[in-house]
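The values are calculated or read from the model by the stated rules, or taken from the named source; none is laboratory data. Predicted, not measured: the structure shown is a model, and the values here were computed from it. All Cβ positions, glycine included, derive from the backbone under ideal geometry; neighbour counts span all protein chains shown. Heavy atoms of the whole protein, side chains included, go into the accessibility calculation; ligands, DNA and RNA do not. Shrake-Rupley method; radii C 1.70, N 1.55, O 1.52, S 1.80 Å.
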Amino acid sequence: MRRVAFLATATALTFAVTTVTTSTAANAFTPPNIPSASTASSEPAALTVDIERNSGTYNRDLFPHWITISGACNTRETVLKRDGSGVVTNSSCAATSGRWTSPYDGATWTAASDVDIDHMVSAPVTPRGN
(Lines give C-alpha, C1' and ligand atoms only; values in the text may rest on other atoms or scores of the structure.)
Protein backbone atom coordinates (compact mmCIF):
# COMPACT_ATOMS: atom_id res chain seq x y z
CA MET A 1 0.00 0.00 0.00
CA ARG A 2 2.88 2.40 0.81
CA ARG A 3 4.39 1.75 -2.62
CA VAL A 4 1.07 2.63 -4.31
CA ALA A 5 0.79 5.82 -2.23
CA PHE A 6 4.40 6.71 -3.04
CA LEU A 7 3.89 6.15 -6.76
CA ALA A 8 0.67 8.19 -6.75
CA THR A 9 2.45 11.02 -4.93
CA ALA A 10 5.41 10.89 -7.31
CA THR A 11 3.06 10.97 -10.31
CA ALA A 12 1.15 13.93 -8.90
CA LEU A 13 4.41 15.77 -8.14
CA THR A 14 5.69 15.17 -11.65
CA PHE A 15 2.42 16.46 -13.12
CA ALA A 16 2.48 19.50 -10.82
CA VAL A 17 6.09 20.33 -11.67
CA THR A 18 5.40 19.95 -15.38
CA THR A 19 2.22 22.03 -15.16
CA VAL A 20 3.82 24.78 -13.08
CA THR A 21 6.94 24.82 -15.23
CA THR A 22 4.98 25.25 -18.41
CA SER A 23 2.25 27.56 -17.14
CA THR A 24 3.94 30.08 -14.85
CA ALA A 25 6.58 32.69 -15.37
CA ALA A 26 10.02 32.09 -13.86
CA ASN A 27 10.19 32.88 -10.15
CA ALA A 28 6.41 33.40 -9.94
CA PHE A 29 5.67 30.21 -8.01
CA THR A 30 5.16 30.30 -4.26
CA PRO A 31 4.37 27.04 -2.45
CA PRO A 32 0.84 26.91 -1.00
CA ASN A 33 -0.01 26.92 2.71
CA ILE A 34 3.23 28.41 4.02
CA PRO A 35 2.79 28.63 7.80
CA SER A 36 3.31 31.83 9.75
CA ALA A 37 6.73 32.38 11.31
CA SER A 38 5.36 31.65 14.79
CA THR A 39 3.76 28.37 13.66
CA ALA A 40 6.91 27.34 11.80
CA SER A 41 8.95 28.06 14.93
CA SER A 42 6.65 26.33 17.42
CA GLU A 43 5.52 23.17 15.60
CA PRO A 44 8.92 21.42 15.48
CA ALA A 45 8.92 21.41 19.28
CA ALA A 46 5.95 19.00 19.14
CA LEU A 47 7.88 16.42 17.09
CA THR A 48 9.03 13.28 18.83
CA VAL A 49 12.71 12.53 18.37
CA ASP A 50 13.39 8.81 18.58
CA ILE A 51 16.54 6.73 18.43
CA GLU A 52 17.79 5.64 15.01
CA ARG A 53 16.46 2.22 14.08
CA ASN A 54 17.22 -0.09 11.20
CA SER A 55 19.66 2.38 9.66
CA GLY A 56 21.23 -0.46 7.69
CA THR A 57 17.96 -1.23 5.86
CA TYR A 58 17.77 1.98 3.81
CA ASN A 59 18.42 1.38 0.11
CA ARG A 60 18.46 4.48 -2.13
CA ASP A 61 17.85 2.27 -5.19
CA LEU A 62 14.31 1.60 -3.93
CA PHE A 63 13.42 5.26 -4.51
CA PRO A 64 13.28 6.45 -8.12
CA HIS A 65 15.21 9.66 -8.58
CA TRP A 66 14.82 12.62 -10.92
CA ILE A 67 13.03 12.20 -14.23
CA THR A 68 13.74 14.19 -17.38
CA ILE A 69 11.33 17.09 -17.78
CA SER A 70 12.61 18.75 -20.95
CA GLY A 71 15.77 18.24 -23.03
CA ALA A 72 18.64 17.61 -20.61
CA CYS A 73 16.75 19.09 -17.62
CA ASN A 74 15.53 16.78 -14.88
CA THR A 75 12.99 17.58 -12.17
CA ARG A 76 15.53 18.99 -9.72
CA GLU A 77 17.13 21.27 -12.31
CA THR A 78 13.71 22.47 -13.48
CA VAL A 79 12.63 23.34 -9.93
CA LEU A 80 15.95 25.05 -9.17
CA LYS A 81 15.54 27.26 -12.26
CA ARG A 82 11.88 27.95 -11.44
CA ASP A 83 12.41 28.87 -7.80
CA GLY A 84 15.76 30.65 -8.02
CA SER A 85 16.69 34.09 -9.20
CA GLY A 86 19.52 34.82 -11.60
CA VAL A 87 20.01 31.10 -12.19
CA VAL A 88 22.68 30.28 -14.78
CA THR A 89 22.91 26.72 -16.09
CA ASN A 90 25.55 24.83 -18.03
CA SER A 91 25.00 22.74 -21.19
CA SER A 92 23.87 19.82 -19.00
CA CYS A 93 21.20 22.03 -17.39
CA ALA A 94 22.93 22.01 -13.97
CA ALA A 95 22.74 25.31 -12.07
CA THR A 96 26.20 26.85 -11.91
CA SER A 97 25.11 29.99 -10.08
CA GLY A 98 22.01 31.66 -8.73
CA ARG A 99 20.23 32.60 -5.55
CA TRP A 100 17.54 30.62 -3.74
CA THR A 101 15.50 32.03 -0.87
CA SER A 102 13.31 29.91 1.39
CA PRO A 103 9.72 31.16 1.46
CA TYR A 104 9.43 29.57 4.91
CA ASP A 105 12.18 31.32 6.86
CA GLY A 106 13.94 33.69 4.43
CA ALA A 107 17.21 31.70 4.46
CA THR A 108 19.24 32.18 1.26
CA TRP A 109 21.66 29.98 -0.64
CA THR A 110 23.94 30.65 -3.58
CA ALA A 111 25.05 27.06 -4.23
CA ALA A 112 22.44 24.77 -5.80
CA SER A 113 23.97 21.81 -3.96
CA ASP A 114 22.86 23.38 -0.67
CA VAL A 115 19.18 23.48 -1.70
CA ASP A 116 16.83 20.57 -0.86
CA ILE A 117 13.81 20.55 -3.13
CA ASP A 118 12.49 17.04 -2.64
CA HIS A 119 11.95 16.45 1.06
CA MET A 120 11.79 18.07 4.47
CA VAL A 121 12.55 14.82 6.32
CA SER A 122 15.64 12.73 5.72
CA ALA A 123 14.88 10.10 3.06
CA PRO A 124 16.17 7.13 5.13
CA VAL A 125 13.66 7.95 7.88
CA THR A 126 10.53 8.02 5.70
CA PRO A 127 10.22 4.33 4.71
CA ARG A 128 10.26 3.30 8.35
CA GLY A 129 7.46 5.65 9.30
CA ASN A 130 9.61 7.28 12.00
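In table form, for the structure just shown:
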{"quantity": "L62, L80, ranked by accessible area, largest first (probe 1.4 Å)", "calculated": "L62, L80"}
{"quantity": "Extension gain, D50 back to A107 (0.36 nm per residue minus Cα-Cα distance, nm)", "calculated": "17.8 nm"}
{"quantity": "Backbone HN-Hα couplings from phi across segment 63-80 [Karplus 6.51/-1.76/1.60, Hz, Gly and Pro as x]", "calculated": "10, x, 9, 5, 9, 6, 9, 7, x, 8, 8, 8, 4, 4, 5, 5, 5, 4"}
{"quantity": "Residue-level accessible surface for T78, protein heavy atoms, 1.4 Å, Å²", "calculated": "10"}
{"quantity": "Heavy atoms of W109: accessible area, 1.4 Å probe, square angstrom to 10", "calculated": "80"}
{"quantity": "FRET efficiency for S70 and S41, using Cβ-Cβ distance with R0 set to 41 Å, rounded to 0.05", "calculated": "0.60"}
{"quantity": "Residue-count net charge about I117 - beta-carbon cut-off 14 Å; Lys, Arg +1, Asp, Glu -1", "calculated": "-2"}
{"quantity": "Probe 1.4 Å, all protein chains present, accessible-area order of R53, R82, largest first", "calculated": "R53, R82"}
